[in-house]
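Notes for the one structure printed next.
FYI, it's all coordinate maths here, none of it is from the lab. Fair warning: this is a prediction, and the values are worked out from it, not measured in the lab. Note that each Cβ is placed from the backbone with ideal geometry, even for glycine, and that neighbours are counted across all protein chains shown.
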Protein chains: 2
Amino acid sequence: MPTPSSCLPPSLELFADFLRFPSISTQSERDADTRACAEWLVRLFQATGLEARIEETGGHPCVVASSSRDPQLRTVLIYGHYDVQPPDPVEEWESPPFEPTVRGGRMFARGATDNKGQILAHILGVAETLREKGRLPVNVVFLVEGEEEIGSPNLCGVLERLKGELAADIAVISDTGMVADGFPTLTFSLRGIAALEFKTLGPACDLHSGTFGGAVANPLTAAARLVASLHDEAGAVAVEGFYDAVRPLAAWEKEAAAGLPVSDEDFRKVAGVNALAGEPGYSAIERVGARPTAEVNGLSGGYQGEGTKTVLPSSATVKLTFRLVPDQDPETILQQVIAHLEKHCPPGIRLEMLPGHHGAPYVTDPHSPFGRAASRALERVFGQPPALLREGGSIPILGDFQRILGLDALLLGLAWPDNHAHSPNENFPLENLELGRKLNQAVLEEIAALPQ
Amino acid sequence: MPTPSSCLPPSLELFADFLRFPSISTQSERDADTRACAEWLVRLFQATGLEARIEETGGHPCVVASSSRDPQLRTVLIYGHYDVQPPDPVEEWESPPFEPTVRGGRMFARGATDNKGQILAHILGVAETLREKGRLPVNVVFLVEGEEEIGSPNLCGVLERLKGELAADIAVISDTGMVADGFPTLTFSLRGIAALEFKTLGPACDLHSGTFGGAVANPLTAAARLVASLHDEAGAVAVEGFYDAVRPLAAWEKEAAAGLPVSDEDFRKVAGVNALAGEPGYSAIERVGARPTAEVNGLSGGYQGEGTKTVLPSSATVKLTFRLVPDQDPETILQQVIAHLEKHCPPGIRLEMLPGHHGAPYVTDPHSPFGRAASRALERVFGQPPALLREGGSIPILGDFQRILGLDALLLGLAWPDNHAHSPNENFPLENLELGRKLNQAVLEEIAALPQ
């Protein structure tokens, strides 16, 4: 059990307790910590006044919590996740990733923004409403999963199994970003994702690069050439058919993107680079929101230690993910990429393919009645109308919510661009915990007030 | 101190004791083991009847040992090294790399072939001659260094300082390969080497590949593209000027190479690959002996653990070595490569260059009187005239022996093609310890017998 932080206000103590669990879903040695985090959440929901339980999935468990259901009221599904990314590279953290630390008005810890801070804000909002008014303006059901960071492999089963219990009018999710610090944002599109790991295999064992070099294909060179083959000189993805299904930006979207309070120069500063890169003909915000990518997230082979080792390695490993936009299909993309790699694989090298998780891109209409209710709630809390944003990240299960539960989602992100989600020194502004609590109350009220 | 192996003959016990030292020169945490190995060698030489001592270098020490010098006799410098390559990947060893194990008539351990077995054979040869005859047919001075695997950064200083003590007529070195198992081989050329590590640096910290991917240059992609740019489609090195100084093979060399008992198919089997690769227009044995290369020995960046991490990494590291042939100059090559990488570096990426050790390629005339003496010694011990070979490995200090001491070298290698030097399961045939001992005695006699 986490120990309480002694000198924080109660909501921050709670936040710190939540963050102390190293609930890293991709690392099996953290399974016990991940489950302990879910059990902690169940107790938190129960203390809030909701019925709550662990829902086993075969993998990391889900937490399901709901208010008593009044058939006269609309029902809102609030989704989030308690699992987090690995903290590597750990040495770049200014404070340990699982020892939450407040500095400069922000809470620093792995998962602070993605997604513990954001889902906690909703829990705090519901708790306060129940404490002050004794009842909620809508029926609420929380679904907080433990496998978002590994592609939610077991969530579809849960949605199918709990179809009745999770039936709702709309989903509300805070797991996206604000377009600029403090600028209210309604995200109406997210990119999809497809993951593929591959190995280049050459000689049966590592060879001496003097004795064999020049006559034997080097698996690292092959891996590098295959990665290089994924893009053309201008920075576009060079996999055949990759852009075939990409829906061009509508005129109103181009206009909305141009009106966002983020210039390429702002984007460059937040990214911490000396120059931007990418597909010609698009702004940075369009490149990350509306254009697909091929990224190498990890590559390794040969000698990694101090100094030199004149080895011709027997293999190399490449971890790729592709961010996809409407109407690209992840399985089609993976097939195209595998065909591309096989076509470009040099003689003397064999390929081993490990396709990973994937999820479809998501898009909805921000001008629907629910979209407008969300915009009103954001304006009430932040004092200005929200930016309408296509975001670059992925919440693969949004497609499953549509397909299985028939639910669209209101994406009310609370992450600032420099909150370092997935990076060292991830952090969450303390004010966003407070604003998120208020936003939960406002959006539930606005949804309740919609005409039948 | 290593413990003696209880059931081996004395020379094998000695060999096993030598191999137990993890004298990995590139790993500073092994400095004490490396020095202990040198001290063990000093005691061995002293027990053999030579004067021996540690010669400090500022890095890992050299061991110098010599017979009392008779001015009437020729003098032979016998060079070797007691340092070894790192054993990575350790999990691929069938027995631990520093627990020498005899299997199938071979001794398995890191350094068994490169170079502990080969230098020990010479020590055993001298010891036996002294034991049986009381004196040697030539004056002998051993120089056994501890930094060969890291490019002998301090050896030139030793050669300069001990010029008088190391003065000799010829050098004898067993640190090369036999062209086929048991086939006597006189190596007359070795490739040079130049090492370069570089980093591609992008964002100040790792970024979320969803939030930023598509608008920010990925340092791993950049590293892969730079590595890919080093070769053309056909497999030749694509660095401008790289081949300018390459001396073409002479007609007699082409003929000698064609007559070697190693077909491309033999080479393919020993390499353990399903197809050979490399520059068009050359046999495998020519590619490794007479043509230069650009090899990537290590590449790493991003997430290396289990599963997926959707990170856009802030940097990547590439370890390169170039094998060079007469008359390429290592410093010129490094300048050309650095210029090439800078020219091809994409926007948004900065490069950090760490040039490493280098050594010039080596070539001598196998038909000189000393060359012929070596051929006669090889024929006496192995029963057939030796192959004349250009070898792909590097002994960078051969150029220094020529320049500082005025010495050519007779390269009498005892390594079989499948002895896995620099690889897991490195091994040395026990019969080669015996044949090497005899070869030492024969070559010293043949050199003594040369007309004045």
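Over the Cα atoms, compute the radius of gyration (one decimal) and Dmax (the largest Cα-Cα distance, rounded to a whole number) for segment B:1-93, in Å.
15.4, 54
Work through the residues other than A:R74 whose Cβ is under 12 Å from its Cβ and net out their charges, Lys, Arg +1 and Asp, Glu -1.
Its environment carries a net charge of -3.
When DSSP beta bridges are limited to those with both residues in chain B, what percentage is antiparallel, rounded to the nearest 5?
Just about 70 percent of them are antiparallel.
Under 8 Å for C-alpha pairs, at least 6 residues apart: give me the relative contact order for chain A, rounded to a whole percent.
In percent, rounded to a whole number, it is 26.
Quick one: if the Förster radius is 35 Å, what FRET efficiency do A:D327 and A:A204 give, using the C-beta to C-beta distance and rounding to 0.05?
0.20
Given H placed 1.01 Å from N in the peptide plane, which residues other than close sequence neighbours of B:H357 have an amide H under 5 Å from its amide H?
Excluding prolines and chain starts, which carry no amide H, the hits are B:A195.
Just want the answer: with Cβ charges of +1 for Lys and Arg and -1 for Asp and Glu, which residue in A:Y79, A:V90, A:Y303 is farthest toward the dipole's positive end in chain A?
Farthest towards the positive end: A:Y79.
Report ³J(HN,Hα) in whole Hz for each residue of segment B:345-354, in order, from the Karplus equation J = 6.51 cos²θ - 1.76 cosθ + 1.60 where θ = phi - 60°; Gly and Pro get x.
For segment B:345-354, the Karplus-derived couplings read 5, x, x, x, 10, 9, 10, 10, 10, 10 Hz, x marking Gly and Pro.
If the only charges are +1 at each Lys and Arg Cβ and -1 at each Asp and Glu Cβ, what is the size of the charge dipole of segment A:296-403 around the Cα centre, to the nearest 20 debye?
Approximately 200 debye in magnitude.
Quick one: go through segment B:89-124 and flag any residue whose amide nitrogen is under 16 Å from the point 7 Å out along the Cα-to-Cβ line of B:Q304.
Within reach of a label on B:Q304, which here means backbone N under 16 Å from a point 7 Å along Cα→Cβ, segment B:89-124 contributes B:89-92.
Gap in Å between the Cα centre of segment A:147-213 and the Cα centre of segment B:185-206?
36
Work out, in µm²/s and without decimals, the Stokes-Einstein translational diffusion coefficient of segment A:68-201 at 20 °C, 1.002 mPa s, Rh from Kirkwood over C-alpha pairs.
Stokes-Einstein gives a translational diffusion coefficient of 121 µm²/s.
If I histogram all Cα-Cα distances within the protein assembly as shown using bins 20 Å wide from 0, what percent of pairs lands in each bin?
Taking every Cα pair in the protein assembly as shown, the percentages come to 14, 38, 26, 17, 5, 0.
For a label point 7 angstrom out from the Cα of A:E431 toward its Cβ, which stretches of segment A:229-266 have the backbone nitrogen within less than 18 Å?
Within reach of a label on A:E431: A:261-262.
Counting only other chains, and only Cβ atoms inside 10 Å, what mean value do you get across the residues of A:385-395?
So the per-residue partner count for this stretch is 2.
Looking only at the protein assembly as shown, where both bridge partners belong to it, what percent of the DSSP beta bridges are antiparallel (to the nearest 5)?
Here the share of antiparallel DSSP bridges comes out near 70 percent.
State, to one decimal in nm, how far the label point of A:V90 lies from the label point of B:M353, with both points 7 Å from Cα in the Cβ direction.
Once both label points are built, they end up 3.6 nm from each other.
Under the Karplus relation 6.51 cos²θ - 1.76 cosθ + 1.60, θ = phi - 60°, what is the ordered set of whole-Hz ³J(HN,Hα) values for segment B:272-284, x standing for Gly and Pro?
Computed from phi, the couplings for segment B:272-284 are x, 10, 8, 7, 7, 8, x, 4, x, x, 9, 6, 4 Hz.
Below 11 angstrom from the Cβ of A:R323, what's the summed charge of the other residues (Lys, Arg +1; Asp, Glu -1)?
+1
Antiparallel as a % of all DSSP beta bridges within segment B:18-167, to the nearest 5?
For segment B:18-167, the DSSP antiparallel bridge percentage is about 60.
Given an 8 Å cut-off on Cα distances and at least 6 residues of separation, report the relative contact order of segment B:104-215 as a percent.
Relative contact order comes out at 20 percent.
Quick one: the Cα spread of segment A:145-227 along its three principal axes, in angstroms, biggest first?
68, 38, 18
Please report how far the C-alpha centroid of segment B:392-452 lies from that of segment A:306-382, rounded to the nearest whole angstrom.
Each part reduced to its Cα centre gives a spacing of 53 Å.
How high is the relative contact order of segment A:76-154, in percent, with contacts defined as C-alpha pairs under 8 Å that are six or more residues apart?
Relative contact order for segment A:76-154 comes out at 47 percent.
Can you pick out the pairs among A:K343/B:K319; A:K269/A:K309; B:K116/B:K254 whose Cα atoms lie more than 29 Å from each other?
Violating the 29 Å limit, Cα to Cα: A:K269/A:K309; B:K116/B:K254.
Any idea how far apart B:Q46 and A:D31 come out in nm if each label point goes 7 Å out from Cα toward Cβ?
With each label point 7 Å from Cα toward Cβ, the separation is 5.8 nm.
What does a probe at A:R403 reach in segment A:132-159, counting residues whose amide N is under 15 Å from the point 7 Å along Cα→Cβ?
Flagged as within label range: A:151-159.
Once the label point is set 7 Å along the Cα-to-beta-carbon vector, what list of distances in nm do you get between A:G272 and its counterparts in the other copies?
Output for A:G272: 4.0 nm, nearest copy listed first.
Sorted by packing (mean other beta-carbon atoms within 10 Å per residue), highest first, where do A:177-188, B:26-37, A:136-147 land?
A:136-147, A:177-188, B:26-37
For A:L320, list long-range residues whose amide hydrogen, built 1.01 Å from N in the peptide plane, is under 5 Å from its own amide hydrogen.
A:L196, A:E197, A:F198, A:N297
What distance in nm lies between label points placed 7 Å from Cα along the C-beta direction at A:D181 and A:K133?
3.3
Return the calculated 222 nm mean residue ellipticity for chain A, to the nearest 500 deg cm²/dmol, obtained by summing -39500 (n - 2.57) across DSSP H runs with n ≥ 4 and dividing by the residue count.
-9500 deg cm²/dmol
Taking the Cβ of B:E352 as the centre, find all other residues whose Cβ is under 11 Å away and add up their charges (Lys, Arg: +1; Asp, Glu: -1).
Net of charged neighbours comes to +1.
So what J values fall out for segment A:225-239 if you push phi through Karplus, 6.51 cos²θ - 1.76 cosθ + 1.60 with θ = phi - 60°, rounded to Hz, Gly and Pro as x?
5, 5, 4, 4, 5, 6, 10, 8, 4, 7, x, 7, 6, 9, 6
For segment B:227-248 and segment A:275-296, what is the centre-to-centre distance using only Cα atoms, to the nearest Å?
33
In nm, one decimal, shortest first: how far is the label point of B:E306 (7 Å from Cα along Cα to beta carbon) from the matching points in the other copies?
3.0
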